[in-house]
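Quick notes on the structure that follows.
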Amino acid sequence: DYFVLHVGKRYMNHTMIDVWPPHKDVVVEEDDPEQILEAINDRGITRLVVEDIPPTSPTFLRETVSSAKRRIVSALAYSSTGRVDQADVTIKGCAESEKNVMATMHMSEELSDIKDQLQKNRDALLVDDRPVETYRRIEPADAIKKLTPSTEFGSATRSYLDVLGNDPKFLTTSW
């Protein structure tokens, strides 16, 4: 199964690239690392792909990290440009896969203002008429530091902490 997690709002419709049925296109309401990792855990995700942003020092509930550690077996970093620095994984698409990517972009009303730029970005990825994207293998411990630039607790996480008496023994910043 494939899932896409959006933070705050849905950014794109991923139907044409095998994110189906629609409940697999998930919106995490709060930009809160705990809530994002919970959403990953709730779906039993074992292979995680995260944007290659600067790592942060998020704080999680210990149980949330424990669940992720038992299950996530690998992680990749991607770039919104399609090419990540220090890549060690290359994926070459074909004309049919690119048609699906383009169909996804064109059916996504959320992208109406930037579709032309996205088309140019996709065109820049072509090598011998095939889209080529690169990724970098990273440790799952590093991946959870790239879930979001935010390190703030959202209201849901704050409510959990209230139940726990705001005791820091229930929190961790390490994998």
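Values quoted throughout were computed directly from the atomic coordinates according to the rules given, and no laboratory measurement underlies them. Here the structure is a predicted model, which means the values were calculated and not measured. Please note: Cβ atoms are built from the backbone with ideal geometry, for glycine as well, and neighbour counts cover all protein chains shown.
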How far apart, in nm, are two points set 7 Å out from the Cα along the Cα-to-Cβ line at Arg10 and at Lys99? 2.5 nm
With the dipole of the chain worked out from charges on the C-beta (+1 for Lys and Arg, -1 for Asp and Glu) around the Cα centre, which of Leu111, Gln35, Asn121 lies farthest toward the positive end? Gln35
Using a simple spin-label model with points 7 Å from Cα along the Cα→Cβ vector, what separation in nm is obtained for Asp129 and Val49? 2.5 nm
Given a Förster distance of 22 Å, the FRET efficiency implied by the Cβ-Cβ spacing of Ser79 and Asp18, rounded to the nearest 0.05, works out to 0.55
If the limit is 29 Å between Cα atoms, which of Lys69/Lys120; Lys9/Lys69; Lys120/Lys146; Lys69/Lys115; Lys9/Lys120; Lys9/Lys115 go over it? Lys69/Lys120; Lys69/Lys115
Using mean Cβ contacts within 10 Å as the protection proxy, how do 79-85, 40-46 order, highest first? 40-46, 79-85
For the chain, what does the relative contact order come out to in percent, with C-alpha contacts under 8 Å and a separation of six or more? 33 percent
Asserting the computed 222 nm helical MRE of the chain (DSSP H runs at least 4 long, -39500 (n - 2.57) per run, divided by residue count, to nearest 500) equals -9000 deg cm²/dmol
Distance cut-off 19 Å, percentage of C-alpha pairs in segment 83-162 lying past it: 59 percent
Between helix 115-124 and the chain: long-axis angle, C-alpha atoms, 0 to 90°, nearest 10: 70 degrees
The chain - charge dipole about Cα centre, Lys and Arg +1 at Cβ, Asp and Glu -1, debye rounded to 20: 500 debye
What share of all Cα pairs of segment 4-172, in percent, falls into each consecutive 5 Å distance bin? 1, 8, 14, 19, 19, 16, 10, 6, 3, 2, 1, 0
Size of charge dipole - segment 7-111 - debye, nearest 20, with Cβ of Lys, Arg +1 and Asp, Glu -1, no other charges: 440 debye
Calculate, for Ser66 and Lys92, the FRET efficiency according to 1/(1 + (r/R0)^6) with r their C-beta to C-beta distance and R0 41 Å; round to the nearest 0.05. 0.65
Can you order the peptides 98-107, 28-37, 139-148 by their average number of other Cβ atoms within 10 Å per residue, highest first? 28-37, 139-148, 98-107
Quickly work out the Thr56-to-Trp175 label distance, labels modelled 7 Å from Cα along the C-beta direction, and quote it in nm with one decimal. 1.8 nm
